[in-house]
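The values are calculated or read from the model by the stated rules, or taken from the named source; none is laboratory data. Keep in mind the model is a prediction, meaning the values are calculated, not measured. Neighbour counts are summed over all protein chains in view; Cβ atoms, including those assigned to glycine, are modelled from backbone coordinates with ideal geometry.
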Amino acid sequence: MKVLTIGSMNIDHVYSLDHIVQPGETLTTGGMNVFLGGKGINQSMALAKAGAEVYHSGMIGEDGKMFLDACAEYGVNADFIRTIDEKTGHTIIQVDKNAQNCILLYGGANQCLTEEFVDEVLSHFEKGDILLLQNEVNLLPYIIDKAYERGMQIALNPSPFDDKLNACDLTKISIFLLNEIEGGQITGEAKPDAILDKLEELYPEARIVLTLGSDGSMYAHKGERFEQPIFKVQAVDTTAAGDTFTGYFLAGLIDGMPVPEILRMSAKASSIAVTRPGAVQSIPYRKEVDEALKG
Ligand code: RIB
């Protein structure tokens, strides 16, 4: 079973601040770093670092060649990444003294996918393969429809949530991986159990993985529910914590692990990622996660 992510690649410009800037305020930053990020590539990297065979597809500009180097370094197949005449996506990320962040996203090349490109990429995958999506590229409704026609299992991280998701046929999704804010935006519910109840009612066949920040995570599928608390650590940067969780969760499913163990492994992987700055670089390898789980 192969995993394909069609997703974003962003150059993250990360600024350390005492607090997130307020309207009308000018703040001098404590520091600035440039990291590789983007929800799509972060999740591909997490899958690869967790041991899965993963293909990443998407678009970058000439200024994004370092993503190809990172794919080679971390073992992500980059055959379906295209370089086009457009700027690579980028972000401005503020990280405050409590490790909370806020993100400004410029889509750039991530928003330049074409139907022909999607068709070409999907033609290399077949029934049963997994397609992982987020909401940082264009053509999401088309990609979902075409992958579903091929019989692929579609995993969706509906992040960042916006109106474009309303155009997607979410009944075609096999696995939702989302946080409580996105869960609330899709269902109109606020409490985790109510979000899960509603999602199960709307999408009775789908597995649902709901992350709850410091309250841990929950899983629901066909009447079965599991919960996992977080591993408490001193966070320095929470960027890509959710992406790490998503990649590790899918890798655990592919390995056929029991769901409670997958949740535990994913929580541990995220807890390690938040102790490090950046996105792609902050995601731990499986060996490190397994060792930390023993300790
Ligand atoms: O989920 C974290 C990611 O969101 C960052 O790497 C940034 O690029 C934004 O897309």
Members of segment 76-103 that are modelled with pLDDT of 95 or more, surrounded by 15 or more Cβ atoms within 10 Å (Cβ to Cβ) and of a type outside the set (A, V, I, L, M): 77, 80, 82, 83, 86, 87, 88, 89, 90, 91, 94
From 264, 276, residue being basic (Lys, Arg) and in contact (Cβ under 8 Å) with a residue 40 or more places away in the chain: 276
Tabulated pairs, segment 231-243, first within 22 Å of residue 48 (Cβ to Cβ) and of a type in the set (D, E, K, R), second more than 8 Å from the ligand (Cβ to nearest atom) and assigned to a loop (DSSP other than H, G, I, E, B), C-beta under 6 angstrom, 6+ apart or interchain: 237/99; 237/277
Single residue of segment 279-295 satisfying the filter (of a type outside the set (Asp, Glu) and surrounded by fewer than 21 Cβ atoms within 10 Å (Cβ to Cβ)) that is nearest to the chain's Cα centre (by Cα): 281
Inter-residue pairs, beta-carbon under 6 Å, first under 14 Å from residue 144 (Cα atoms) and in segment 102-125, second within 13 Å of the ligand (Cβ to nearest atom), 6+ apart: 113/137
Test result for residue 262, at pLDDT 95 or above, away from the ligand (no atom under 16 Å from the Cβ) and either touching a Pro at 6+ places or on another chain (Cβ under 6 Å) or closer than 16 Å to residue 290 by Cα (or both): yes
Residues (modelled with pLDDT of 95 or more and of a type in the set (Ser, Thr, Tyr)) located in segment 185-229: 187, 203, 211, 217, 219
Whichever residue in segment 152-169 is part of a helix (DSSP H, G or I) and away from the ligand (no atom under 16 Å from the Cβ) and, among such residues, is farthest from residue 121 (Cα to Cα): 163
Selected residue (criterion: farthest from residue 88 (Cα to Cα)) from residues of segment 42-68 that are among the charged types (D, E, K, R) and surrounded by fewer than 24 Cβ atoms within 10 Å (Cβ to Cβ): 53
